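K.L.:
Once you've had a glance at the structure underneath, I'll fire off some questions.
The values are calculated or read from the model by the stated rules, or taken from the named source; none is laboratory data. Just so it is clear, the structure is predicted and the values come from calculations on it, not from any experiment. Cβ placement follows ideal geometry from the backbone for every residue including glycine, while neighbour counts extend to all protein chains displayed.
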Amino acid sequence: MNWKIFNVSIPVKDLEKSKIFYNDLLGNNTVDTEFYKNFFSDDNEDLFLGSNGFGVRLFKPKHDLELNDNIQSRRSYVSIIINDFESVLKKLQQSNFRFIYKKINSFETVILQEPSLNMMQFIKSNEILDKYSNDFFENSNFYIHHMNLESLDVRESVHFISDLIGLKEGNWVAPNDKGDFSIDKKELSLFPISNDNKGLHFIKPDEGFAFRNNFIHNPSIGGHPAFTVKNINLIKEKLDNLNILYSDANVYAMPGFHQIYLYDANANTLEINQEV
Ligand SMILES: [Fe+2]
C-alpha cells in the first residue's frame, strides 16, 4: 500500500490565537480556505494552515450531543492518503467494522476509530493530490514527519492497521545514543514511509518516560504530531520569548533528528524536529 500523511487536525479553543501561534511556530506562510473542506464535514468550526489540504487543520470541538451522526476527536488526529482505497473499503465492510464513509465532490474518505479509539481518516489518492503533495513539499517551511498515537494495546492497533488498512509495519531505527525507552514491538511500533522513522508511530503509555529521560513532557501520553522544520534553534528562541516550556531531547529516538516537545495553549503535545 502506498500512503502518505495528508494533514493533522488539532483541537483548539481559540482558532484565531492558535492560528497565530502555529503560523509562527512552523513558519507557515500559506492558508487554504477552500480545498481542505473537501475532506471534512462542516460540523466543526475550523481553519487550515498549509496548502491544498497539506498541513495543519485547527478545529474547535463542540458538544458531542450537538453532532449529528458524526464523531469528533478530543485529540490531535491524522488524515492519511492511501492508494488502494477500494480494497480498504471492501475489507472494512466485510469485517463489519463501524466506520463513516463520505464522498465530498469527487473525494472519498473513511473516518474510523482504531482499537485504542484514536480517530483516523483515510483518503483516496488521486493525481491532483499527488501534484499538491509535491507542491507542498517543495514550497513549505515545514512538513509532518510522523503522527504518534497512544495505544493501550499496541499489537491490537498494529494488527488492525496491517490487516484492514494494509499498511506495512517496519522496524524502529534507533540512534547510537538511544534514550531510555523501549523499542519492543509490544510497546512501540512504526509504520514507515521512509527509512528514517517517518510515518505512523503507536506507543504504549509509559509513565516513567519523561522522568527517565529528564524531559518535562511525556511523549508517550496522548499522542502527538511531529513537524520537521528547517531551524529548530529559531523555534527554541521563539518559545523562550513566549515563555513556553519545552523539552529539548536533542537526538535520542531517531538518528539524524533533533527533537523538542512542547504543549500548545490547549495542552496538545507537539513535537518539532530538525534534520541534523
Ligand atoms: Fe514523536
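K.L.:
Applying the selection to region 184-222, what residues are surrounded by 13 or more Cβ atoms within 10 Å (Cβ to Cβ), farther than 27 Å from residue 81 by Cβ and β-branched (Val, Ile, Thr)?
P.N.:
Within region 184-222, 221 is the sole residue that qualifies.
K.L.:
Can you tell me which residues in region 149-177 are in contact with a Ser or Thr (Cβ under 8 Å, 6 or more places away or on another chain) and of a type in the set (Ser, Thr, Tyr)?
P.N.:
Within region 149-177, 151, 157 qualify.
K.L.:
Just one of 239, 245, 167 is more than 11 Å from the ligand (Cβ to nearest atom), of a type outside the set (Phe, Trp, Tyr) and more than 26 Å from residue 15 (Cβ to Cβ); which is it?
P.N.:
Checking each option against the conditions leaves just 167.
K.L.:
Separate question: Residues in region 13-44 that are under 23 Å from residue 112 (Cβ atoms) and not in a helix (DSSP H, G or I): how many?
P.N.:
5
K.L.:
I'd like to know if region 172-186 contains one or more residues that are within 18 Å of the chain's Cα centre (by Cα), under 30 Å from residue 89 (Cα atoms), in contact (Cβ under 8 Å) with a residue 24 or more places away in the chain and within 13 Å of the ligand (Cβ to nearest atom).
P.N.:
Pass one, region 172-186, residues within 18 Å of the chain's Cα centre (by Cα): 172.
Then drop every residue that is not under 30 Å from residue 89 (Cα atoms), which leaves 172.
Checking the rest, the ones that are also in contact (Cβ under 8 Å) with a residue 24 or more places away in the chain come to 172.
From the residues that got through so far, the ones that are within 13 Å of the ligand (Cβ to nearest atom) too are 172.
Yes, region 172-186 contains a residue that is within 18 Å of the chain's Cα centre (by Cα), under 30 Å from residue 89 (Cα atoms), in contact (Cβ under 8 Å) with a residue 24 or more places away in the chain and within 13 Å of the ligand (Cβ to nearest atom).
K.L.:
While we're here: Which of the residues that make up region 227-258 are under 27 Å from residue 170 (Cβ atoms), surrounded by 17 or more Cβ atoms within 10 Å (Cβ to Cβ) and not hydrophobic (A, V, I, L, M, F, W, C)?
P.N.:
228, 247, 252, 258
K.L.:
Counting residues that are at pLDDT below 95 and basic (Lys, Arg), which strands (runs of 3 or more DSSP E) fully inside region 94-207 reach at least 2?
P.N.:
Where strands (runs of 3 or more DSSP E) fall fully within region 94-207 and carry at least 2 residues being at pLDDT below 95 and basic (Lys, Arg), they are 100-104.
K.L.:
Would you pick out the residues in region 187-229 that are without any contact (Cβ under 8 Å) to a residue 12 or more places away in the chain and closer than 20 Å to residue 161 by Cα?
P.N.:
Correct list: 194 only.
K.L.:
Hey, does region 230-248 have a residue that's part of a strand (DSSP E or B) and in contact (Cβ under 8 Å) with a residue 60 or more places away in the chain?
P.N.:
So far as region 230-248 goes, no, none of its residues is part of a strand (DSSP E or B) and in contact (Cβ under 8 Å) with a residue 60 or more places away in the chain.
K.L.:
Could you run through region 249-276 and say how many residues are of a type in the set (Asp, Glu) and within 14 Å of the ligand (Cβ to nearest atom)?
P.N.:
1
K.L.:
A follow-up question, please. For region 64-89, which residues satisfy the criterion of being exposed (fewer than 12 other Cβ atoms within 10 Å of the Cβ) and in a helix (DSSP H, G or I)?
P.N.:
Once the filter is applied, which keeps residues that are exposed (fewer than 12 other Cβ atoms within 10 Å of the Cβ) and in a helix (DSSP H, G or I), region 64-89 yields 64, 65, 66, 86.
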